[in-house]
Amino acid sequence: MTREERHFFAAADPLGFVLFRRNCRTRDQLHALVDELRASVGRDGAPVVVDQEGGRVARLQPPEWRPYPAAAQIAALPDPLALEAARLGARLIADDLAEVGITVDCAPVLDLPLPGADPVIGDRAFGNDPARVARLGQAFCEGLLVGGVLPVIKHIPGHGRARVDSHRACPLVEAGHATLSGSDFAPFRALSAMPWAMTAHIVYTAIDDAAPATFSSRVIDTIIRGEIGFGGVLVSDDISMGALDGTLAERTRRALDAGVDLVLHCNGVMAEMAEIVDAAPPISPAARERIARGEARRLRPLEDFDRGNAERRFAELMAVDPIRSRA
């Protein structure tokens, strides 16, 4: 951290911090950074968040950390092997993260990518069968939770139909409500008891044709909190992404006014962080209660874990030939 960052965080007192590959070099360096971040806000339990899905979205990289397969590689296995691999892979990831003090993992992806969709989701997803995606997502979440790391189900209420990458532009999904409810929303509904979820920067015309989910009280109240029944911490996807319009201050206010609990900003640019902090009110009592519920789950006693045995079994599972195993 720079001196400027240290002073800024002490004054701004953000709930927590998100890390990227640029921040993760070695175990000792990363652990020291996590400790320094928490010290800057004077809270040992400040959430530290990372995207460690496996596959192409992994911030902790070899050779310092082991690689993990993409969700689609796990889903290629037959059940019940795929379920075991999803849970065990996540348990190993949790062990990696807990070792350096990271407490929240932005995974699993519960989106259902369809033919013609932008490849931004692609192999990050467990497939396009809602019931099976829910089962594998549940197993992945369980693996993180028993390792003391909170999962973030994403991108609620579903990014799989997006034909453009929301990092660059705002996708428009025109499927009807009944279609969305029976497919895209289903994995999120099945995992609605999870502690955290991340919004999709997508316009769903059947629900609200004027605003993406992150800015839409109709999507958040009626679909995410209502129909899906999600009661945990709702965090925005990166507020600086190209899908959203307006200044960062305007985006921050719109997201929070719509019902998002936390605004996530990812690029670390000081001027942008300052603009967001100036626009953000204190965390709401309802959001604080949801955060506290999640922390209570994270702090439950950990189950016994033998890393060596887990590594060996996970390697056995991922060496299974999916085609032969189904013959």
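Give me the residue from segment 1-59 that is β-branched (V, I, T) and in a loop (DSSP other than H, G, I, E, B) and, out of that set, modelled with the lowest pLDDT. Before you say what the answer is, go through the steps one by one.
Kept after step one, since they are β-branched (V, I, T), are these residues of segment 1-59: 2, 18, 26, 34, 41, 48-50, 57.
Restricting the remaining residues to those that are in a loop (DSSP other than H, G, I, E, B) gives 2, 26.
Numbers: T2: 95, T26: 98.
In this case the residue turns out to be T2.
I'd like the residue in segment 228-238 that is out of contact with any strand residue (DSSP E or B) (no Cβ under 8 Å at 6 or more places or on another chain) and either part of a strand (DSSP E or B) or among the small types (G, A, S) (or both) and, out of all such residues, is surrounded by the most Cβ atoms within 10 Å (Cβ to Cβ). Can you show your working first?
Filtering segment 228-238 for residues out of contact with any strand residue (DSSP E or B) (no Cβ under 8 Å at 6 or more places or on another chain) gives 229, 231, 238.
Then keep just the ones that are either part of a strand (DSSP E or B) or among the small types (G, A, S) (or both); that gives 229, 231.
Working: G229: 13, G231: 15.
Across segment 228-238, the extreme among qualifying residues is G231.
What do you reckon, is L81 surrounded by fewer than 18 Cβ atoms within 10 Å (Cβ to Cβ) and either of a type in the set (A, V, I, L, M) or touching a Pro at 6+ places or on another chain (Cβ under 6 Å) (or both)?
On the way: surrounded by fewer than 18 Cβ atoms within 10 Å (Cβ to Cβ): yes; either of a type in the set (A, V, I, L, M) or touching a Pro at 6+ places or on another chain (Cβ under 6 Å) (or both): yes.
Yes.
For R168, only one of the following conditions fails: (1) outside any loop (DSSP other than H, G, I, E, B); (2) within 29 Å of C24 (Cβ to Cβ); (3) of a type in the set (K, R). What is its number?
(1)
Among R293, R288, R298, R225, which is the only one that is loosely packed, with under 15 Cβ neighbours inside 10 Å, among the basic types (K, R) and in contact (Cβ under 8 Å) with a residue 24 or more places away in the chain?
On the way: R288 fails: in contact (Cβ under 8 Å) with a residue 24 or more places away in the chain; R298 fails: loosely packed, with under 15 Cβ neighbours inside 10 Å; R225 fails: loosely packed, with under 15 Cβ neighbours inside 10 Å.
One residue alone meets the criteria, R293.
Out of segment 117-138, which residues are more than 15 Å from the chain's Cα centre (by Cα) and crowded, with 24+ Cβ neighbours inside 10 Å?
Answer for segment 117-138, where residues must be more than 15 Å from the chain's Cα centre (by Cα) and crowded, with 24+ Cβ neighbours inside 10 Å: V133, L136.
Just one of G101, G127, G137, G116 is in contact with a Phe, Trp or Tyr (Cβ under 7 Å, 6 or more places away or on another chain) and either of a type outside the set (A, V, I, L, M, F, W, C) or in a loop (DSSP other than H, G, I, E, B) (or both); which is it? Walk me through it before giving the result.
Numbers: G101 fails: in contact with a Phe, Trp or Tyr (Cβ under 7 Å, 6 or more places away or on another chain); G127 fails: in contact with a Phe, Trp or Tyr (Cβ under 7 Å, 6 or more places away or on another chain); G116 fails: in contact with a Phe, Trp or Tyr (Cβ under 7 Å, 6 or more places away or on another chain).
Of G101, G127, G137, G116, the one residue that is in contact with a Phe, Trp or Tyr (Cβ under 7 Å, 6 or more places away or on another chain) and either of a type outside the set (A, V, I, L, M, F, W, C) or in a loop (DSSP other than H, G, I, E, B) (or both) is G137.
Taking the condition among the small types (G, A, S), within 20 Å of E5 (Cα to Cα) and more than 17 Å from the chain's Cα centre (by Cα), does A271 pass?
Values: among the small types (G, A, S): yes; within 20 Å of E5 (Cα to Cα): yes; more than 17 Å from the chain's Cα centre (by Cα): yes.
Yes, satisfied.
Cβ-Cβ below 7 Å, separation at least six or inter-chain, first residue in segment 258-270 and acidic (D, E), second crowded, with 16+ Cβ neighbours inside 10 Å: which pairs?
Correct list of pairs: D261/V233; D261/L234; D261/V235; D261/A287; D261/R290.
Could you please find all residues in segment 165-194 being closer than 29 Å to L299 by Cβ and either in contact with a Pro (Cβ under 7 Å, 6 or more places away or on another chain) or among the acidic types (D, E) (or both)?
First, pick out the residues of segment 165-194 that are closer than 29 Å to L299 by Cβ: 187-194.
Correct list: P187, F188, M194.
The values are calculated or read from the model by the stated rules, or taken from the named source; none is laboratory data. Because the structure is predicted, anything quoted here is derived from the model rather than measured. All Cβ positions, even for glycine, are placed from backbone atoms using ideal geometry, and neighbour counts span all protein chains on display.
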